[in-house]
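Trainee: Below you will find the structure I want to go over with you.
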Amino acid sequence: MQESSDPPFEATYKRLFEKVMAAPEVSGVAECELPMIDLNELKLGELSKRACKKKIARASQEWGFFQVINHGICREVLKKMREEQAKLFAKPFSDKAAYNFSAGSYRWGTPSATCLAQLSWSEAFHVSVSDLLASPNIHNNLCSIMGQYARMVSELSQKLVGILASELGQKSELLKEKCVESTCYLRLNRYPACPIFPEMFGIMPHTDSDFITVLHQDQIGGLQLVKDGSWFAVKPNPQALVINIGDLFQAWSNNVYKSVEHRVVANPVYERFSTAYFFCPSYDTVIASGVEPCVYRSFTFGEYRKQVQQDVKIFGHKIGLPRFLLRTH
């Protein structure tokens, strides 16, 4: 009998499936289309260029999410990346568990979950780009295309972050110096079909602990975000990459740009693939807005990551930026 490629969710989390009342409510969500930015406008006249930058900043303030087309990442690279990703996840579960790029890079489920609302029905390879660049060629085509993809997305991220900094009236030199390719992360995600949909998250509601995230997703759908206090399902666009603001940019912008809570909902029939690029600084980078009155105290990225990891271990979920609010009373 051939070993399944799926992680053993039901066997591992059997006790949680008996607590039916603890399942999350994820159905009945209206669909939305994210603001669309055509980056070709940056190559046109000064008026078009300025208008494009304003649209990027406005979407980051009002939505915390937007999508980009004509982003400079060629279709062939995106196609090859997805093909190699699908091959990797099609391997038997035991092979994937042993196929670490570095210690702990393969992850699945939610080890700290105490109820179904804390369980993520997904598996992923979370890879430091510095580890990827240092890896021997044992992963062949996969490592090669991941490295090529990371370089392209790094250039896109630098461009977008530079625009967002300039729209705040701030210089982006710190971000360009501290957020280099080797300090960033790639996460290859697979969300297996889930027979108990819609009472299951593919990934729990969360915000991202970076400056921005660049997401390449397939057409299955499942990404949802909070807008004006309500959850909305993001309509997939085959031509676009999805960009979202992370916690570090919200703090650095003094709450001008919004790091918005989002999640993925499991699908009853189809598996879903996505690739996320997390644009991160070095651990010693100090995050401070320099604007008065400051909403958050200054902190390093390393300090932030450590606090998030501690909270997840203790409470089962991330607390994030509220931990770093300056108390004014």
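Trainee: Residue separation times 0.36 nm, minus the C-alpha to C-alpha distance between residue 86 and residue 148: what's the value?
Mentor: That works out to 20.6 nm of additional length.
Trainee: Any idea how far apart residue 51 and residue 102 come out in nm if each label point goes 7 Å out from Cα toward Cβ?
Mentor: Each label point is offset 7 Å from its Cα along the Cβ direction, giving 4.4 nm.
Trainee: Largest first and in whole Å, what are the equivalent-ellipsoid semi-axes of the range 280-319 based on the Cα gyration tensor, each being the root of 5 times an eigenvalue?
Mentor: Sorted largest first and rounded, they come to 22, 13, 6 Å.
Trainee: What order do you get for 260-273, 89-102 when each peptide is scored by the mean count of other beta carbon atoms within 10 Å, highest first?
Mentor: The most tightly packed comes first, giving 260-273, 89-102.
Trainee: Here's a follow-up. Place the peptides 236-243, 220-227 in order of packing, highest mean first, counting for every residue the other Cβ atoms within 10 Å and averaging per peptide.
Mentor: The packing order, highest mean first, is 220-227, 236-243.
Trainee: If I model a spin label as a point 7 Å beyond the Cα along the Cα-Cβ vector, how far apart are those points for residue 297 and residue 230 in nm?
Mentor: Each label point is offset 7 Å from its Cα along the Cβ direction, giving 3.9 nm.
Trainee: So how far apart, in nm, are the two label points at residue 18 and residue 112 if each is 7 Å from Cα heading toward Cβ?
Mentor: Modelled inter-label distance: 2.5 nm.
Trainee: Ordered by residue, what ³J(HN,Hα) values in Hz, to whole numbers, does the range 224-234 give under the Karplus form 6.51 cos²θ - 1.76 cosθ + 1.60, where θ = phi - 60° and Gly and Pro are x?
Mentor: Listing the rounded values in order: 9, 9, 8, 9, 6, x, 10, 7, 10, 8, 7 Hz.
Trainee: Next question. Among the listed pairs 159/318; 176/318; 49/235; 54/171; 55/258, which have their C-alpha atoms separated by more than 19 angstrom in this model?
Mentor: With Cα atoms farther than 19 Å apart: 159/318; 176/318; 49/235.
Trainee: Per 0.36 nm of contour for each residue apart, how much would the distance between residue 282 and residue 306 grow if the chain were fully extended, relative to their Cα-Cα spacing?
Mentor: 7.3 nm
Trainee: Determine the gain in length on full extension of the stretch residue 269-residue 313; use 0.36 nm per residue of separation and subtract their C-alpha separation, reporting nm with one decimal.
Mentor: The span from residue 269 to residue 313 would gain 12.6 nm if fully extended.
Trainee: Report the one residue of 209, 287, 276 whose Cα lies farthest in the direction of the positive end of the charge dipole of the chain (charges on C-beta: Lys and Arg +1, Asp and Glu -1; origin at the Cα centre).
Mentor: Of the listed residues, the answer is 287.
Trainee: Right, another one. With the Cα gyration tensor of the range 116-248 giving a ≥ b ≥ c as the square roots of its eigenvalues, does the rule (a/c under 1.5 for rounded; else a/b larger than b/c for prolate; else oblate) give rounded, prolate or oblate?
Mentor: The shape class here is oblate.
Trainee: At a Cα cut-off below 25 Å, give the lysines reachable from residue 91, other chains included and same-chain residues fewer than 8 away excluded.
Mentor: Partners found: 14, 79, 80.
Trainee: Then there's this: Using Cβ contacts closer than 10 Å as the measure, can you line up 319, 287, 73 from fewest to most?
Mentor: Placing the least packed residue first, the sequence is 319, 73, 287.
Trainee: Separate question: Going by C-beta contacts inside 10 Å, put 179, 294 in order with the fewest on the left.
Mentor: So the ranking, lowest neighbour count to highest, is 294, 179.
Computed from the coordinates by the stated procedures, all read-outs in this text should not be read as laboratory data. Nothing here was measured: the structure is a model prediction, and the numbers come from that model. As a convention, Cβ positions derive from the backbone with ideal geometry for all residues, glycine included, and neighbour counts pool all protein chains shown.
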